[in-house]
Amino acid sequence: MKSTLSYYYGALAVTLVGLAGATWLGWHYGGMPGALSFLMIGAVLAVLEISLSFDNAIVNANKLKDMTPEWQHRFLTWGIVIAVFGMRIVFPLAVVAIAAKIGPIEALVLAASEPEEYARIIGEAHLSIAAFGGTFLLMVALGFFIDEEKDVHWFAAAERMLAGMGGIKGVEIAIVLSIIMGFCTILPEADVRTFLFAAVAGLLTFLLVEVLGHVLDAEDEVVGATAKGGLGAFLYLEMIDASFSFDGVIGAFALTQNLFLIAIGLGIGAMYVRSMTIMLVERQTLAAFRYLEHGAFWSILALSIVMFAQTMVHIPEVVTGLFGATLIGIALWSSIRWNRANPGIPDPVEAAIAGE
């Protein structure tokens, strides 16, 4: 089996190129002080993206393990291009273009020539982005826990209760709509319409992706392809990645208003998420550590609540990232303890660390 470091060679190469690009960009804007400043901010942005995306990598790996090799390759190549350029560049430009009612070229010019105004427009769109992303991620998390066939539980009492709801049709939607209605009652009246529209749009997007996924994968099965993990699963993963990216993109503007530096920093982080995903799939780490996936989905659940809360108060992205990473770390520790308490099952810890 490949060594752990070998999975990250590509990401390390992108890091060197990206940080060199950030340094050159800083030099262009402000000489040596600018170069050093951009280098530091680029590195911080990459770390921010990685810390926010541990759970993203685990969710990706969970879906990818059931996909055909062909679709795995497509997601890990074209998917990462969409993730880096689509969410880290096109998405912020689209938000500004829609909010300011200008064309995409004008939005790009605005980002290059008036970065503070560009950042202000992005900030004003935060309510809609948080409501949309929070709703979508909440549906993702509830879809994992509310499953009557789920028989492995980490937080046993809570997960058993949620799993027991699996036989109730539409219960996830009812829970999400109840939370949306609750926030509508406590938000300022001027924000309610925007929040409600964006939250319902997030819910509808999730449901449409689910329906489209079933239809596309069913068509794959008819023509002879494996139904698990075709175009539908690809679209599902892209939407999840987009939802995870909202927080990182918005948080990045707290560090810099330069769109191109944000794209470099977050793009570096996205490459590490790709490498981590490949390692998890090839080593079958999710099967080896039984609670790791649970930690990721609890992290997603927490992130969705945080995004809802951010419609009222600012919560630093570093807090969100550390909280998610802590949950996953505890889940990993719990998995190791379980493996050692059940000696009949081979302990994968040493093999995973050694890369054997």
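The values are calculated or read from the model by the stated rules, or taken from the named source; none is laboratory data. None of these values were measured; they are calculated from a predicted model. Glycine also receives a Cβ, built like all others from the backbone with ideal geometry; neighbour counts cover every protein chain displayed.
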Original post:
Of the residues that make up the stretch 1-9, is at least one assigned to a helix (DSSP H, G or I), at pLDDT below 90, among the polar types (S, T, N, Q) and under 15 Å from Thr256 (Cα atoms)?
Top reply: no
Original post:
Would you call Ile345 surrounded by fewer than 18 Cβ atoms within 10 Å (Cβ to Cβ) and at pLDDT 85 or above?
Top reply: no
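Results for (1) out of contact with any Leu (no Cβ under 9 Å at 6 or more places or on another chain); (2) over 25 Å from Met239 (Cβ atoms), shown as yes or no for each residue.
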| site | (1), (2) |
| --- | --- |
| Glu116 | yes, yes |
| Ile121 | no, no |
| Lys150 | no, no |
| Ala158 | yes, yes |
| Val176 | no, no |
| Gly182 | yes, no |
| Thr185 | yes, yes |
| Leu204 | yes, no |
Subject >> Failed condition for Asp66, given (1) within 23 Å of the chain's Cα centre (by Cα); (2) crowded, with 19+ Cβ neighbours inside 10 Å; (3) farther than 19 Å from Met271 by Cα >> reply: (2)
Original post:
Looking at the stretch 78-101, which of its residues are basic (Lys, Arg) and either surrounded by 14 or more Cβ atoms within 10 Å (Cβ to Cβ) or outside any loop (DSSP other than H, G, I, E, B) (or both)?
Top reply: Arg88
**OP:** Output the number of residues of the stretch 102-127 satisfying the condition of being surrounded by 14 or more Cβ atoms within 10 Å (Cβ to Cβ), in a loop (DSSP other than H, G, I, E, B) and more than 24 Å from the chain's Cα centre (by Cα).
**Re:** 1
Subject >> Among (1) under 25 Å from Thr205 (Cβ atoms); (2) surrounded by fewer than 23 Cβ atoms within 10 Å (Cβ to Cβ); (3) modelled with pLDDT under 80; (4) within 16 Å of the chain's Cα centre (by Cα) - the single one Val319 does not satisfy >> reply: (1)
Subject >> Complete set of residues in the stretch 16-39 that are of a type outside the set (S, T, N, Q), modelled with pLDDT of 85 or more and surrounded by 15 or more Cβ atoms within 10 Å (Cβ to Cβ) >> reply: Gly18, Leu19, Gly21, Ala22, Leu25, Gly26, Trp27, Ala35, Phe38, Leu39
**OP:** Determine whether the stretch 42-50 contains at least one residue that is assigned to a helix (DSSP H, G or I), without any contact (Cβ under 8 Å) to a residue 24 or more places away in the chain and not small (Gly, Ala, Ser).
**Re:** no
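Given the criteria assigned to a helix (DSSP H, G or I), surrounded by fewer than 18 Cβ atoms within 10 Å (Cβ to Cβ), β-branched (Val, Ile, Thr) and at pLDDT 75 or above, does Ile305 qualify?
yes
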Subject >> Index of the failed condition, Asn56 passing every other in (1) closer than 25 Å to Gln284 by Cα; (2) in contact with a Ser or Thr (Cβ under 9 Å, 6 or more places away or on another chain); (3) at pLDDT 75 or above; (4) in a helix (DSSP H, G or I) >> reply: (3)
